[in-house]
Amino acid sequence: MKWASALSTQPSLEAALDEVIASAQDALNAKADLAILFISTAFASEFPRLLPLLQGKLAVEHLIGCGGNGVIGPGLGGETAEVEEEPGLALTLAHLPDVNIQTFHIYEDELPDPDSSPHAWTELLEVDPNHQPHFILFADPASSKINDLLQGLDYAYPSAVKIGGLTSGRTAWNGSGLFCEDQLYREGTVGVALSGNIIVETIVAQGCRPIGQPYRVAEAERNVVLQVEEQSVPVEANSYPGSVQLQTPLEALQALVQDLDAEERELAQHSLSIGIVCDEFKQHLQPGDFLIRNLIGVDPRIGAIAIGDRIRPGQRIQFHLRDAQASADDLEQLLRQYLKESPNQDPRPTAALLFDCLGRGERFYGEPDVDSQLFNRYLEDIPVSGFFCNGEIGPIGGATFLHGYTAAFGIFRSQTQA
C-alpha cells in the first residue's frame, strides 16, 4: 500500500490540476487505484468542468471528492498546509493492492426506513458486510439525512469505521460539490467502501476540556435535562440510594460557575458544552470518553437545560469549555494516546485524511495549520489531506456520530506487508 498527496493554490483550475497531478503521481510512482479530491468553493462555478478536465489528465480506477470552504494538503515544501477561503485543490492518490474499492452515491429519499433490517442497507450500498469494509463519506448537509445514514451504517456494518465530513460553502443556486467517479452531484452522499488488506484507525478530537464533576441524569425528556445528581462522592455501602440529593442542571451549573476563575467565567458565557459519557461502566474518564454536544438553551423557571442531542435518565454528563488552548491540548493528548496504544505498529501508517471543522482553523487558533501540524509532529512523514467541514463524521465510544468543532482523522495502513 502506498499513498501520496499534493496541494495547489494556483488560482487557475487547469494549472492547479496540473500541479497536484504531477506532484502526487511523482510521489506515488505506482498505479493509482483510488483518487480523493478536495476542492475549494472558490472554484464553485467551475465544478462542472473539474471531472472532464481530470479525465484527460489522470488515469485512476476510482475517484471520490467534494468541495469545501478550505482544503488541506502538503504544500511544495512538504509541510501540511490548511488553505482557508482561498483557491485550493488537494489530491490524494492511493496504490491499494489486495484492497477492494467500491464507490457509491446515495440520495436522501433512497435511505431505508429506520426500522428496516440490515439487509436493506447492504442492498442499497451493494457492499458485503462479510468483507469487513470501512467507509469514507462526504455528504451534503442539506439533503443527506446524515444521522439516519450513520445509524443505518452502524446497524448494518457494526465493525466498520466510518469517517468523513459534510461539504461546506454550499450555495442556494448551485448546491454542494460531490464527486463520484465521472459524476458531479449536488445532493446526497458519496462514499467509498474499502475492504481487504487495509486498516483504518481514527482520532476524533472534539476540542473541549471538562470542568467540575460528572452528574448522573435523574430526569430528562427528549433533549431536555430536568434533574441531575452528583457523581463525585461514591455512595457508601450502607447508605440508602434514595438519599442522593437531586438538583436542577441550572443549579449545578450556577454552583460550578462560582468556582471558576474570571477568564473561565467569561468563556462559559459563549463556549459552554455538554459531554455525554459514552461508556456507562467506565469510572476514570478521559478525553475521548465523552460525546460533546452544544448547550442550546436554559429554562430559568424550572432550571432545565436543552442540549443538541437526545438524553435519557441514567446517562452521565459533564460540563465542558471550548477554547483554542483546550482544542490543541485535546488533540495533542489523543495523539499521544494513539502512539502509546500502538507503539510498534507494523506496517506503520501510510496516510491520513483530516476532516476539520469550519469553526477551527486560523480564526479560532490565531495562527494557521495548527491541527495538521500537530498531527505531523507526532506522526511524521505521513501525507495528510482533507477539507474544512460543516460537520465531521467519526466514531466515539463504538458508535458513529456527526460532530461539530471537531478534528477527525482517518489513518490508513496495511494489515500485512506487501
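Computed from the coordinates by the stated procedures, all read-outs in this text should not be read as laboratory data. Note that the structure is a prediction, hence the values are computed from the model and not measured. Counting neighbours? That spans all protein chains shown, and the Cβs are built from the backbone with ideal geometry, glycine included.
With volume of the Cα convex hull per residue in Å³ in mind, check [x] 138; [y] 159; [z] 199 and report the label derived from this structure.
[y]
Using the 10 angstrom Cβ neighbour count as an exposure proxy, how do 357, 66 rank, fewest first?
On the way: 357 25, 66 30.
Ordered from fewest to most neighbouring Cβ atoms within 10 Å, 357, 66 come out as 357, 66.
Below 14 angstrom from the Cβ of residue 270, what's the summed charge of the other residues (Lys, Arg +1; Asp, Glu -1)? Before the final figure, lay out the partial values.
Values: positive: 265, 322; negative: 263, 264, 266, 323.
Within the 14 Å Cβ shell, the charges total -2.
To the nearest 20 Debye, how big is the dipole of segment 209-319 about its Cα centre, given +1 on the beta carbon of each Lys and Arg and -1 on that of each Asp and Glu?
380 debye
Just want the ordering: 371, 140, 109, 33, from fewest to most Cβ atoms lying within 10 Å of their own Cβ.
Values: 371 27, 140 24, 109 9, 33 17.
Arranged by neighbour count, lowest to highest, 371, 140, 109, 33 become 109, 33, 140, 371.
Note down the magnitude of the dipole of the chain about its Cα centre, charges +1 on Lys and Arg C-beta and -1 on Asp and Glu C-beta and zero elsewhere, to the nearest 20 debye.
Working: 26 positive and 58 negative charges, 61 e Å.
Value, rounded to 20: 300 debye.
What number, in percent, do you get for the relative contact order of the chain if the mean sequence gap of Cα pairs under 8 Å and at least 6 apart is divided by its residue count?
Averaging sequence separation for qualifying contacts and normalising by length gives 20 percent for the chain.
Give the residue from 415, 95, 248 lying farthest towards the positive end of the charge dipole for the chain; charges sit on Cβ (+1 for Lys and Arg, -1 for Asp and Glu) and the dipole is referred to the Cα centre.
About the Cα centre, the residue reaching furthest to the positive side is 248.
At 20 Å minimum axial length over the Cα atoms and a Kyte-Doolittle cut of 0.5, report the qualifying DSSP H helices in the chain, or say none.
Numbers: long enough: 13-28 (22 Å, 0.67); 324-341 (26 Å, -0.80).
Qualifying helices: 13-28.
Arranged by the count of other C-beta atoms within 10 angstrom, fewest first, what order do 209, 293, 360 take?
Starting with the residue having the fewest Cβ neighbours, the order is 209, 293, 360.
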